[in-house]
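K.L.:
What follows is a structure written as structure tokens; I'll ask about it next.
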Amino acid sequence: MSTVEKTIDVDVPVRSAYDQWTQFEEFPRFMEGVEEVRQVDDRHCHWRTKVAGVRREFDTEIVDQLPDERVAWRTVGGEVRQKGVVTFQSLDEGHTRVRLAMEVEPEGVVEKTGDALGILDLRVKGDLKRFKGFIEERGQATGAWRGRIRPSEGMNPLPADGTRSAPGSAPGTTGTAPGTTGSAGPTGDVPTIPGQVDRSSHGAGFWPPADRP
């Protein structure tokens, strides 16, 4: 797998930056090659991408989500294998540091060639730069979901109490719906953000290493 990690500082409060990232269906507005993201439920999304003329479809599952701190995901089916985590660090009342770490398995000739040329690294850097421009220009998120998804919940179906809402709506609560079908995504440890310290009860080997209320 290829690993990439990038960081950018955005000139908005941590809540605004985090809330915008929870609006997955808005990703095509600042992510290169992403044609559509369809929210299936609080935990799952279906993606359609086109990179260097190659179209792919795949499903992702949120495995850890903590408001104003992190969103971690993995693929669970389709033509793409990846896993990653994005974290949010408040620098002060109006500035936030966003860090994105991903592991991606290049599938075809085009992807493997692009990987060798460092295309993934450039794409992630560009996506974060466009995210910065998008949220700073607006000044506030297009929507928000403030629910909590814990790693320990795994693939077990739980009552779906929360919904992703527009600004000003009541915050959602943690919930899931039955999982999607398809081949299992990558297993084992997933990328971590350099400098994170594991102070959770799961130990240093559990991902992502961060505090878990």
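K.L.:
Please go through the stretch 124-139 and give me each residue that is surrounded by fewer than 17 Cβ atoms within 10 Å (Cβ to Cβ) and more than 17 Å from Glu25 (Cβ to Cβ), ordered by number.
P.N.:
Listed by number, the residues that qualify are Lys125, Gly126, Lys129, Gly133, Glu136, Glu137, Gly139.
K.L.:
Hey, any hits in the stretch 145-153 for a residue that's closer than 21 Å to Val63 by Cβ, at pLDDT 60 or above, more than 17 Å from the chain's Cα centre (by Cα) and part of a helix (DSSP H, G or I)?
P.N.:
Yes.
K.L.:
Among the numbered criteria (1) closer than 21 Å to Glu103 by Cα; (2) under 14 Å from the mean Cα position of the chain (by Cα), which one does Val51 miss?
P.N.:
(2)
K.L.:
Could you pull out every one of the strands (runs of 3 or more DSSP E) wholly within the stretch 1-91 that has 3 or more residues that are surrounded by 17 or more Cβ atoms within 10 Å (Cβ to Cβ), touching a Gly at 6+ places or on another chain (Cβ under 8 Å) and hydrophobic (A, V, I, L, M, F, W, C)?
P.N.:
70-78
The values are calculated or read from the model by the stated rules, or taken from the named source; none is laboratory data. Fair warning: this is a prediction, and the values are worked out from it, not measured in the lab. Cβ: placed from backbone, ideal geometry, glycine included. Neighbour counts: every protein chain shown.
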